[in-house]
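Below: the structure, in structure tokens.
The values are calculated or read from the model by the stated rules, or taken from the named source; none is laboratory data. The structure presented is a predicted model; accordingly, all values stated were derived computationally and were not measured. No Cβ is skipped: glycine too gets one built from the backbone with ideal geometry, and neighbour counts run over all protein chains shown. Accessible surface is based on the protein model in full, side chains and every heavy atom, while ligands, DNA and RNA are left aside. Shrake-Rupley method; radii C 1.70, N 1.55, O 1.52, S 1.80 Å.
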Amino acid sequence: MDRHWLFYCRRNKKKIVMYWKTRINFTDDELKVLTLLSNKHGRSSEGGFEKEPNILKDVPFAIEKINKLIDLYLPIKCKKYLVNSWNMQHLEGEEVPHKPHNHNYAHLSFVFYVKSDGNNKLLLMESNGLNFEIEVRPNDFIIIPPDLMHTAEHGVATSDRVLFAGDIILTHIEYYNSDFLPPMENWIELNNE
């Protein structure tokens, strides 16, 4: 197995909880573009200078690489929708907050790092108290299950720490049964008046 492809899983009663870490392999020029985009939005595109619900929409090279990695991760072909994406940025010397959260509304979430020296780890926290501390560096790409609590390790950033994250909704390509979401063209939007 290629040393860059790391899989971690553990049995937790009736389910398998898994996160997946690999490399997204942006070029130096692509990392510069992503850094400039992050700088434009400051600490976060969720509440920074310009609120943006899907910051990666205008970065086709990132969307293409994310799409390919998610295809490698998934066991079946699905339609994939990037419903939300944002940046987070902490400059060297700034406090990195500890805010555990999850993304239960999504089928999966991802994060990739543009800048990091590896000292401020990503923490994944299972409900039974088992925690993972993941060292993160530029070009690390991690898929996180939606119910898994996660946060940055609290402390002071020992280098600039820039990341992008997003949430994915999956549907079947064709309708099979009600065990999984049917293709979006089968959905009916209800009037919200």
Of Asp29, Asp147, ordered by accessible area with the largest first and a 1.4 Å probe, the sequence is Asp29, Asp147
For Met18 the rounded accessible area (nearest 10 Å², probe 1.4 Å, non-protein molecules ignored) is 60
On the accessible surface of the chain, probed at 1.4 Å with all protein chains in place, carbon and sulfur together account for a percent value of 54
If unit charges are put on Cβ atoms (+1 for Lys and Arg, -1 for Asp and Glu) and the dipole of the chain is taken about its Cα centre, the option from His41, Val96, Ser127 lying farthest towards the positive end turns out to be Ser127
In degrees, nearest 10, the alpha-carbon axis of helix 60-73 is tilted away from the dominant principal axis of the alpha carbons of the chain by 60
Between Ser159 and Leu190, the FRET efficiency computed from the C-beta separation at R0 = 45 Å comes out, to the nearest 0.05, as 0.40
Helix 28-41: inclination vs the chain longest Cα principal axis, degrees, rounded to 10, gives 90
Mean accessible area per residue over the chain (1.4 angstrom probe, all protein chains present, square angstrom) is 58
Expressed in nanometres to one decimal, the distance between label points 7 Å along Cα→Cβ at Ile173 and Leu72 is 2.0
Length gained, Phe180-Glu64, 0.36 nm per residue minus C-alpha separation, equals 39.3 nm
Mean 1/r over distinct Cα pairs of the range 144-193, inverted to a Kirkwood Rh in Å, yields 15.4
Quick numbers on the chain, Rg and Dmax over C-alpha atoms in Å, give 17.2, 54
Counting only backbone N atoms under 13 Å from a point 7 Å out along Cα-to-Cβ of Lys40, the residues of the range 82-105 in range are 87
For the chain the mean separation of alpha carbon contacts under 8 Å (6+ apart) over residue count, i.e. relative contact order in percent, is 24
